[in-house]
Amino acid sequence: MLLEVKDLNTFYGISHVLQGVSLNIAEGELVALLGRNGMGKSTTLKSIMGLVSPQSGSVVFEGKDITGCHPYKSARAGIGYVPEERRIFPELSVMDNLFLGIKGGRISDNNDPHVWTYERIFKHFPMLKERADQKGKFLSGGEQQMLAIGRSLMGNPKLLLVDEPTEGLAPLMVKEVRNVLADINKAGVSILLVEHNLNVALSLASRIYLMGKAHIGFEGTVEELKCDDEARQKYLEV
Ligand SMILES: Nc1ncnc2c1ncn2[C@@H]1O[C@H](COP(=O)(O)OP(=O)(O)OP(=O)(O)O)[C@@H](O)[C@H]1O
Ligand SMILES: [Mg+2]
């Protein structure tokens, strides 16, 4: 297993927002984590990344226990995180935003699918190439999302945690972002995707986790979810 999350319990003050969350991701997989608002999807990603500290449970990445590690250590270990808010630097150019995603430590090897260069990024994101010298603030929402994903790839992650990448985007852009995620996954990056757009999630993922309040209520393949009316009603439909 690339990532093994076991029995996480996370609190915000006295509210117990993750109650025994477990999930795993094999190398090369694209797995979706879905569920209604406020169930704890973002908190699950943040607990994996170390942005919030779980009170108990474990996060093991490539066999190494990284539970509660500082986020820079999770990043060094090979996990990239694309937050919901994207956090593009508005006054910096696209190139400089990408530059900030580079982290030291890895030796460049062009045959390694996990080593990303500007050229490789621009091959996957032609629209960023066209706008390489423009400031972040002049990009559209979709372009900013592409930049946020591109920037996290510059850190050469083996696993990317992506939180609601298509939120608020126009339909055409939703498709572009979807295709870019498919591409990146094909290139060898494993992905844990939190997504509200069910079509996007089901078209990308091989396996699905559904969250109910603070817990995982369903896990299975896309096919299994399609056959499980009860799970869909309970955890997805309004
Ligand atoms: N910083 C915080 N302090 C206190 N409570 C929080 C904080 N962040 C989230 N929560 C609460 O924790 C619960 C889980 O939130 P989380 O953001 O993980 O849900 P989510 O599944 O990502 O929801 P959404 O689909 O709306 O993004 C919610 O009840 C939320 O109100
Ligand atoms: Mg969220």
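Of note:
- Globularity index of the chain is 0.98 (Cα radius of gyration / 2.2 N^0.38 Å, N = number of residues).
- Cα-projected label distance for Lys186 with Val115, points at 7 Å along beta-carbon direction, nm: 2.3 nm
- Between Asn9 and Val222, the contour length at 0.36 nm per residue exceeds the Cα-Cα span by 74.0 nm.
- Added length on full extension, which subtracts the Cα-Cα distance from 0.36 nm per residue, Glu27 to Asp229: 69.8 nm
- Our note on the geometry: Cα centres of the range 176-238 and the range 1-53, 14 Å apart.
- Portion, in percent, of the accessible area of the chain that falls on carbon or sulfur, probe 1.4 Å: 51 percent
- Residue ranges 214-220, 83-89 sort as 214-220, 83-89 when ordered by packing (mean number of other C-beta atoms within 10 Å per residue, highest first).
- Per residue solvent-accessible surface (Å²) - the range 3-235, probe of 1.4 Å: 46 Å²
- Extended-chain gain in nm, criterion 0.36 nm per residue less alpha-carbon gap, Leu172 and Arg36: 46.6 nm
- Entries of Lys41/Lys73; Lys129/Lys213; Lys137/Lys226 with Cα pairs more than 30 Å apart: Lys129/Lys213; Lys137/Lys226
- Applying the Kirkwood pairwise sum to the alpha-carbon positions of the range 110-238 produces a hydrodynamic radius of 16.0 angstrom.
The values are calculated or read from the model by the stated rules, or taken from the named source; none is laboratory data. Because the structure is a prediction, the values reported are computed rather than measured. As a convention, Cβ positions derive from the backbone with ideal geometry for all residues, glycine included, and neighbour counts pool all protein chains shown. In case anyone asks, the SASA skips ligands and DNA or RNA and just uses the protein heavy atoms, side chains included. Shrake-Rupley method; radii C 1.70, N 1.55, O 1.52, S 1.80 Å.
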